[in-house]
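Below you'll find the structure, written out as structure tokens, and then a few comments.
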Amino acid sequence: MKRIIKYIFLITLLTTNVFALEMCKKTKCRSGTTIQIPLNETSYHPYEIPVSPLVDSDNRGIIVIPGDNFHVKVIEKKGAITGLKYSEKKSDIEVMFHKLNLDKKVTTLLEIKNNMKKSIVYQAFVNSPATKWLHFHASSCPIGAGKKVFENWPFPSGQILMINVRFAKTDETTCMKY
């Protein structure tokens, strides 16, 4: 529970402009903008994206919004992931955020490719109209070494936070809330 509270606090900090601007001095950031999130075939919700980093190295976090497609370099020490860095070129992890229209319903699709020789897991925090755009802890699936996964949520989302990215333990093989 303490870890969840820590990450909720982190989410709040990451979406706070002052904190984000400080982080943007050290890493690649997206500029603030407003995107239109489709709620169904005919209506959209304007969703404000503040100035924010794509990767939070200190907390092993990746912040993904619709349309993102970028690479992340893993910093590893003594067999553990100790940090993450945005990468301009193909690297250890690739993330892509897609919006899909399935049977007249908008869904969220996160595509993650793990180019490393070890499996990884992460904690997913997703927002949606049903939660009034607040993030909630969602299940996620382990990503095998050299594999790609497609995470799908049956609702539109404006942002996915991949927090606590780490190497998977041998018994972490199923989708769950990590």
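Against the test of being assigned to a strand (DSSP E or B), among the hydrophobic types (A, V, I, L, M, F, W, C), modelled with pLDDT of 95 or more and surrounded by 17 or more Cβ atoms within 10 Å (Cβ to Cβ), the options V106, V72 yield a single qualifying residue, V72. So how many residues does the range 1-22 have that are at pLDDT 65 or above, under 25 Å from A138 (Cα atoms) and loosely packed, with under 12 Cβ neighbours inside 10 Å? Final tally of qualifying residues: 0. Checking each residue in the range 63-88 for being polar (S, T, N, Q) and within 25 Å of T107 (Cα to Cα) picks out only N69. Within the range 68-97, being under 14 Å from the mean Cα position of the chain (by Cα) and among the polar types (S, T, N, Q) holds for one residue alone: N69. The condition of being more than 14 Å from the chain's Cα centre (by Cα) and either of a type in the set (F, W, Y) or modelled with pLDDT under 95 (or both) holds for L100. Exactly one residue out of K25, K89, K118, K99 is closer than 21 Å to G158 by Cα, surrounded by fewer than 18 Cβ atoms within 10 Å (Cβ to Cβ) and of a type in the set (K, R), and it is K99.
Considering only residues in the range 135-178 that are among the hydroxyl-bearing types (S, T, Y) and in a loop (DSSP other than H, G, I, E, B), the one that is most open to solvent (accessible area, probe 1.4 Å) turns out to be T170. Considering the range 122-134, the residues that are modelled with pLDDT of 90 or more and aliphatic (A, V, I, L, M) include one that is surrounded by the most Cβ atoms within 10 Å (Cβ to Cβ), namely A124. Taking G83, is it assigned to a strand (DSSP E or B), open to solvent by less than 70 Å² (accessible area, probe 1.4 Å) and touching a strand residue (DSSP E or B) at 6+ places or on another chain (Cβ under 8 Å)? So G83 fits the description; yes. Total residues in the range 28-63 satisfying the condition of being of a type in the set (A, V, I, L, M, F, W, C), open to solvent by 20 Å² or more (accessible area, probe 1.4 Å) and in contact (Cβ under 8 Å) with a residue 40 or more places away in the chain: the figure is 2. Only one entry in D92, D103 is under 15 Å from K148 (Cα atoms) and of a type outside the set (S, T, Y), namely D92.
The values are calculated or read from the model by the stated rules, or taken from the named source; none is laboratory data. Here the structure is a predicted model, which is why all the values come from computation and not from measurement. In this analysis, Cβ positions are derived from the backbone assuming ideal geometry, glycine residues included, and neighbour counts consider all displayed protein chains. Calculation scope for accessible area: heavy atoms of the full protein, side chains included, ligands and nucleic acids excluded. Shrake-Rupley method; radii C 1.70, N 1.55, O 1.52, S 1.80 Å.
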